[in-house]
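Comments concern the structure below.
The values are calculated or read from the model by the stated rules, or taken from the named source; none is laboratory data. These numbers were taken from a predicted model, which means no experiment stands behind them. For neighbour counting, all protein chains shown are included, and Cβ atoms are generated from backbone atoms with ideal geometry for every residue, glycine included.
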Amino acid sequence: MAMKKRRLRGQRGKSWYRKGRDQWFITLGKKKVALRDAQGEFVRGADNEEGAVRVWHEMMALAQAPRAGEDNEVRLVLELYLQDLARRKGEEHTTVKSYAGYCRDFRDRWPGLLVRDLKPYHVYEWWESHPAWGPSMRNMTGTILKAAMNWAAAPGKGGGVIPRNPLQGMPLPRCRKRAAQVVVEDDEFNRLLGLVRSPAVRDVLVVLWETGTRPGNLALATAANLAEDGTALVFDEHNTDPASSVHKAFKKTGRALVVPLTDAARDVCLRLRLRHPEGPLFRTPNGLPWNKHRLANVVFYYAKRAGLEGRFMAYSARHSRTTALLESGVSDVDVAAIMGNTPAIIHKNYSHIAARYARQREILNRHSPAAKAE
């Protein structure tokens, strides 16, 4: 039986194995490139030549994608989009990981589907295979797919990998606004706060409630972010990592985010600055920095005990404070400035507030013909 002839290590056109790293490579020009699978993991194992060849063929298909146009498989276009997203945001960014999961789930639902054959029908069928997904989830996942196809069809972005977006014009379900469902009153919050015995938990909850700022801002706040007089938390290019998610619009606008502090919030922050002059201001009872998972678990525990399960979460403080300000007659512009948003976003997410209609009715009454006659 004839022996299978193996190419020498580093020879072009063939993947090769480096024992010292337990990785498979391919030689491109003068560069040696480690092979990664669809999940971004290195191809390993001396006996995994078949897997290395499969990944190499996938890389070749991706390289040929711009010339294939509508004959590209949808999965290749999605993979190119994810690679570009990872280059722009970083492979560990939560958005990249989330998008990758949904794109690859769609790929697994429709393996081998060509761009020329892609129709809204395929998206609808994919949604039906996930009956637990509501309108908001379907809106988000549909938006991801449309964004990927828009990217691939735009010469300035995806390089014109495909001639057009086959999902252009596909209607998406309307997102369900959660703001109205997670608003709680002062007495409800005070009932929850009364159950909290840990000063570390009370501190973070009080400042969230007083300011309405995003939980992520407090999770990353340090003494450097606190104004000298303690009246505000300031996140700008001098004391904020631009790659951080502490200010959602920082990388786009370049403007500082200022979180005004009430007297109660100021007292907490000044006290914590003395205790933690370096590192995070807000920490768990065990001294760890808060993150969204730790905070979510703690809030869920106390919300359940306070009878607010499903209604109060870390973000509820922001929704509740915004709603209270609008209900008291504060303008959209002022509320947007306080919350670090735009008036358009405030109006979009909080148009449910009945008090605003009451205010409009009050204005109409003041200017009604009957009022003038009196």
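The table below gives the values:
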read-out	value
Selection within region 90-138 - of a type in the set (S, T, N, Q) and within 18 Å of residue 151 (Cα to Cα)	95, 98
Of all residues making up region 277-305, the number that are closer than 19 Å to residue 210 by Cβ and not in a strand (DSSP E or B)	8
Selection within region 135-157 - in a loop (DSSP other than H, G, I, E, B) and closer than 19 Å to residue 74 by Cα	154, 155, 157
Those residues of region 85-105 which are farther than 20 Å from residue 130 by Cβ, touching a residue at least 60 places away in the same chain (Cβ under 8 Å) and not polar (S, T, N, Q), in sequence order	90
Filter result for residue 63 (surrounded by fewer than 13 Cβ atoms within 10 Å (Cβ to Cβ) and at pLDDT 85 or above)	no
Among (1) in contact (Cβ under 8 Å) with a residue 24 or more places away in the chain; (2) of a type outside the set (Phe, Trp, Tyr); (3) not in a helix (DSSP H, G or I) - the single one residue 132 does not satisfy	(1)
Subset tally (residues that are out of contact with any Lys or Arg (no Cβ under 8 Å at 6 or more places or on another chain) and either of a type in the set (D, E, K, R) or crowded, with 21+ Cβ neighbours inside 10 Å (or both)) for region 320-332	5
Single residue of region 46-60 satisfying the filter (at pLDDT below 70 and loosely packed, with under 14 Cβ neighbours inside 10 Å) that is nearest to residue 17 (Cα to Cα)	57
Criterion violated by residue 22 - all others in (1) on the phi > 0 side of the Ramachandran plot; (2) modelled with pLDDT under 55 satisfied	(2)
Qualifying residue in region 343-359 (condition: touching a Leu at 6+ places or on another chain (Cβ under 7 Å), modelled with pLDDT of 85 or more and buried (at least 17 other Cβ atoms within 10 Å of the Cβ))	no
